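S.K.: Once you've had a glance at the structure underneath, I'll fire off some questions.
The values are calculated or read from the model by the stated rules, or taken from the named source; none is laboratory data. None of these values were measured; they are calculated from a predicted model. Here the Cβ positions follow ideal geometry from the backbone for every residue, glycine too, while neighbour counts run over all protein chains shown.
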Amino acid sequence: MGEAEGGFTPLSQLKPSPEHRHRVRVRISRIWESFNPNDGTVFGLDSLLIDDEGGTMQAHVHRKVKKRVEERLIEGKVYTLSDFEVCSSKGNYMACRNPFMMNIGAQTVIDEIDGDVNVIPLHHFDFVDFGDVPPSMGLNNSSLTDVIGQVVEVWPIQQVPKKLCALQFCSLWIEDFSGKELDVTLDVCFPLQGKRIHGSLFISFKVLPRFGNTRSTTIPHELTSSKKSHSHRLIVHPHSQQASSVDPTHESQSISQRAQELQSSWRIIKQLQSLDPFELPKDAKFVCTATLKEIDCTQGWYYLGCVHCRHSIGRDGSEFWCSQCDPANKKRRRPYVWYKLNAVVMDDTGTMNLMTFAEEAEGLIGVAAELLKEIADDGR
């Protein structure tokens, strides 16, 4: 079995063996407690591991060693693991398609890595179109199915009594890029953590077997906030002043492929801060999930721009003109007040400033910049 640089074995090369001599470098993409919802029996911890080749493997921690291990494994962190067991997949509700899985026991050596770990992806999904979700997943529950969609409607939380507990869930509708809808039952144990803009949110789901008449889901992960604008969806990328427009009429590219492109551009703040802008392609765009801490207005919060192209306009005495739309004739153009917000955002890896302009910023505030300026000028 081959080893990668540094003596680490790729997850794709791990196979069951009586000798536990392999060492891997992996990120804990997700970690969750596995239990029986009917009686509350805890089976242990399950996690999804990703290595620097993008390979994945599910890992299990038995309940007998759960307390000893759970404080050392943190979601999103990178670790070296050794002295673990590799066995065949248990075959039920697996988070990836690897036929093998890892058992982390009391003898497993766990060391956190603080160095350069940006090469290891934070997430991994195998998205499918809504039409490809099995119609009756109870007949095939070997692996969880990944879908991505926009939340369009949410119903109140409901409860279903069980032997030792009451299960809480809520039903919702999600819609894909082509307008297809999927009814979903969301386990309240896994709350949505995304910020909602104009009632819209792009989110991915692990789909479980049917619960009643809907599909039950777990382990949600926000991809990026979105904003509806007529026939387009605008995905705001924190590394670009402009938004990437997705036209639902262009269906030649599959939904799953576009979802994979979103996934490949995912970055955490620490990764964004380590990028060299001079080495990036001109049209490079990234997606980041972050929390808005504050908006810094010390250097102003708006600019005077062209109503057509949104670029800053020039001034010649009392007259304004747009060098972008009419650089030669300098035709008089009425200045328009546009947002220029210096937003401070954060995630678990750090804090950074995010400049947001024009309509994208207006969607965040909910009020036109010109109206807000009038209110501010009036002292209201």
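S.K.: Out of (1) of a type in the set (Ser, Thr, Tyr); (2) surrounded by fewer than 19 Cβ atoms within 10 Å (Cβ to Cβ); (3) in contact with a Lys or Arg (Cβ under 7 Å, 6 or more places away or on another chain), the odd one out for Ser89 is which?
M.R.: (3)
S.K.: Being modelled with pLDDT of 60 or more and exposed (fewer than 13 other Cβ atoms within 10 Å of the Cβ): is that true of Asp276 here?
M.R.: yes
S.K.: For the range 112-151, give me the residue count where each residue is at pLDDT below 80, touching a Phe, Trp or Tyr at 6+ places or on another chain (Cβ under 9 Å) and surrounded by fewer than 18 Cβ atoms within 10 Å (Cβ to Cβ).
M.R.: Number of matching residues: 2.
S.K.: Report yes if Ser34 is in a strand (DSSP E or B), surrounded by 19 or more Cβ atoms within 10 Å (Cβ to Cβ) and among the small types (Gly, Ala, Ser), otherwise no.
M.R.: no
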